[in-house]
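The values are calculated or read from the model by the stated rules, or taken from the named source; none is laboratory data. The structure presented is a predicted model; accordingly, all values stated were derived computationally and were not measured. As a convention, Cβ positions derive from the backbone with ideal geometry for all residues, glycine included, and neighbour counts pool all protein chains shown.
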Amino acid sequence: MKQPPSSVRSLPAQEALYQRQSPAVAERFARIHAREVVLELRQLGKTFSTASGDTEALRGIDFMVHRREFVCVIGPSGCGKSTLIRILAGLEKASSGQVLLDGAPVTGPGHDRGMVFQGYSLFPWLTVKGNVMFGPQVAGSSRTMAEGHAREWLELVGLTKFADAYPHQLSGGMRQRVAIARALANQPRILLMDEPFGALDTQTRARMQKHLLDIWRNIDITVLFITHDLEEAVYLADRILVLKAHPGEVQEIIEVPVPRPRSAAQMTGPEFQATKARIEELIHPPRADSAEQESDALPMIRLTDVADNVE
């Protein structure tokens, strides 16, 4: 029997492919799952109370992150990704459930978690070196010791030559590298990143993704990375936590079958494309009700009257 073209093959075939792991990938996941658990979420929930009523942002999130694992969190707009990472950072209180870091409850911000935001959040009055030194000095390190550590971190992110520059003198990608170095200077157990490359142009974003993977390979750090970009999630992550919206609940936890080390060339490969297609299907499921789809369409007003239509 003649096979249908790849563009119209059924979704189950794609699902089988994104779940299929080579022996090397399966062995890597066995090693990851054998490591100690750094971060654990138990039935985590968050409800916001407003004058117009309660809004449930997160519900029943159960998840564990292992040491040196790279986890991406993705989901549709309004699924509570940023709320989740703020709770993990201790910047927001959960309404229910628990967050455990190395078995101890998270009750507020701490040096055991480094945070990188989408905005660069650097102190504009401090130099690059001064920004990286800030955390260790607050934690009690002497200026000499903090400066020595700052130089090590700046060498790691490739910014040694810019140690005495100020944030406004740097490009967006360089500023975000400073933000990463500053977050790592306190030697946290886990690095939390809230869409850190979302404001960057495409080329800079690709370079920053490679920089981040290089950093992660060279130090003992666990990464939890929030993103809305499907390709970014597949390129970076060991596992992807896919949330659904209203409220944010776990839809699926995907073990990325793409081998490491990662390269841009893998983005056209079958494992990469099948995983991306699965996430797309989870976040934007096909809707059978055409009338409902039409009702969601934006009203369009014609602002010109020409004899020859463009369609």
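Residues that are at pLDDT below 95: find the strands (runs of 3 or more DSSP E) completely inside segment 1-113 holding 3 or more of those. Reasoning before the result, please.
Details: elements: 37-50, 53-66, 70-74, 96-101.
Ranges flagged: 37-50, 53-66.
Taking segment 42-54 as the search range and keeping residues that are surrounded by fewer than 17 Cβ atoms within 10 Å (Cβ to Cβ) and in contact (Cβ under 8 Å) with a residue 12 or more places away in the chain, which one is farthest from R28 (Cα to Cα)? Walk me through how you get there before you give the answer.
Applying the first criterion (surrounded by fewer than 17 Cβ atoms within 10 Å (Cβ to Cβ)) to segment 42-54 yields 42-43, 47-54.
Pick out the ones that are also in contact (Cβ under 8 Å) with a residue 12 or more places away in the chain and you get 42-43, 47.
On the way: R42: 25, Q43: 28, T47: 37 Å.
Top of the filtered list is T47.
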Considering every residue within segment 143-159, establish whether at least one is over 21 Å from W216 (Cα atoms) and part of a loop (DSSP other than H, G, I, E, B). no
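Taking the stated definitions as given, is P105 exposed (fewer than 15 other Cβ atoms within 10 Å of the Cβ), without any contact (Cβ under 8 Å) to a residue 40 or more places away in the chain and not polar (S, T, N, Q)? Don't jump to the end; show me each part of the working.
Numbers: exposed (fewer than 15 other Cβ atoms within 10 Å of the Cβ): yes; without any contact (Cβ under 8 Å) to a residue 40 or more places away in the chain: yes; not polar (S, T, N, Q): yes.
Yes: the conditions hold for P105.
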Search segment 114-142 for residues being touching a strand residue (DSSP E or B) at 6+ places or on another chain (Cβ under 8 Å) and in a loop (DSSP other than H, G, I, E, B), and hand back the single one that is modelled with the highest pLDDT. F117
Scanning segment 198-238 residue by residue, those of a type outside the set (S, T, N, Q), in contact (Cβ under 8 Å) with a residue 40 or more places away in the chain, in a loop (DSSP other than H, G, I, E, B) and crowded, with 19+ Cβ neighbours inside 10 Å turn out to be I221, A237, D238
Among the listed residues S77, S82, which satisfies the condition of being over 17 Å from V250 (Cβ atoms), assigned by TED's automatic domain parsing to the domain that holds L192 and either touching an Asp or Glu at 6+ places or on another chain (Cβ under 8 Å) or in contact (Cβ under 8 Å) with a residue 12 or more places away in the chain (or both)? S77
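Being aliphatic (A, V, I, L, M), free of Cβ contacts under 8 Å to residues at least 12 places away in the same chain and closer than 22 Å to V223 by Cα: is that true of A30 here?
Numbers: aliphatic (A, V, I, L, M): yes; free of Cβ contacts under 8 Å to residues at least 12 places away in the same chain: yes; closer than 22 Å to V223 by Cα: yes.
Yes, satisfied.
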Being of a type in the set (S, T, N, Q) and within 14 Å of M208 (Cα to Cα) is the filter here; which residues of segment 128-183 pass it? S171, Q176
